[in-house]
Amino acid sequence: MKKPILLTGALLVLLLPFLTACETSEPMNAETEAAPASDAQALLDKYTTVRLTADLSGLSENERKMIPLLIEAAEAMDEIYWVETFGSRDSLLGMTNGALLQRFAEINYGPWDRLDGNTPFVEGAGPKPAGANFYPADVTKEEVEAAARQNPALTDLYTMVRRDDAGNLTAIPYHEFFAAQVNRASDKIRLAAELAEDPGLKRYLQLRA
């Protein structure tokens, strides 16, 4: 199965979700009891909000203009992160009761508590699939391994695996599956590169784009 990976969005580094190997041949979408919504505050209390600040007085006008562009590029990567870890962010928040629990879902990028062994805290969410959303939720380790002997791309670090119309596993490269987000991020990084005054930074951004 897939191994831990990292993707870098311009100067903002976003850790994309890691994927553990499937340990069972049973389907990975069985139901389990979720944490009560009344515990939302206790869940949020596991985290501390910290305001990040920086002295921007030393930046040039062009460098200041680069910052929002790099943030927008990172936001596109954030959308990819959501898809890989869970799926639709909006659909999850729509089925999550209360602003506090919704915030906890945003922190965890899904309905599973990362600090508590991925215990589900949204009613009906079920256990986190061992393949996250990189693979179909009903796939088994044995099925992936068998199919990968014919199609090694199924275990490539940069593919999303889905079922075709016949139910067979197929690998879709990231640049195709996430074309909208990747193109948006690339465009923003290129714009930032045009503003960069340091040759090394300009070249770095051009390569990242």
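Values quoted throughout were computed directly from the atomic coordinates according to the rules given, and no laboratory measurement underlies them. Just so we're clear, the structure is a prediction, and the values are computed from it rather than from any experiment. FYI the Cβ positions are ideal-geometry reconstructions off the backbone, even for glycines, and counts take in every protein chain you see.
Near Lys46, which aspartates and glutamates are there with a Cα under 15 Å away, not counting those fewer than 8 places off in the same chain?
Within reach: Glu106, Asp113, Asp116.
If you stretched the chain out fully between Val182 and Ala153, how much longer would it get, using 0.36 nm times the residue separation minus the C-alpha to C-alpha distance?
The Val182-Ala153 span can extend by a further 8.4 nm.
Averaging over every viewing direction, what projected area does the convex hull of the Cα atoms of the stretch 49-158 cover, in nm²?
10.2
Tell me, what is the FRET efficiency for Asn62 and Ser88 to the nearest 0.05, using R0 = 35 angstrom and their Cβ-Cβ distance as r?
Once rounded, the FRET efficiency stands at 0.40.
With a cut-off of 8 Å between alpha carbons and a minimum separation of six or more residues, what is the relative contact order of the stretch 145-184 in percent?
This gives 28 percent for the stretch 145-184.
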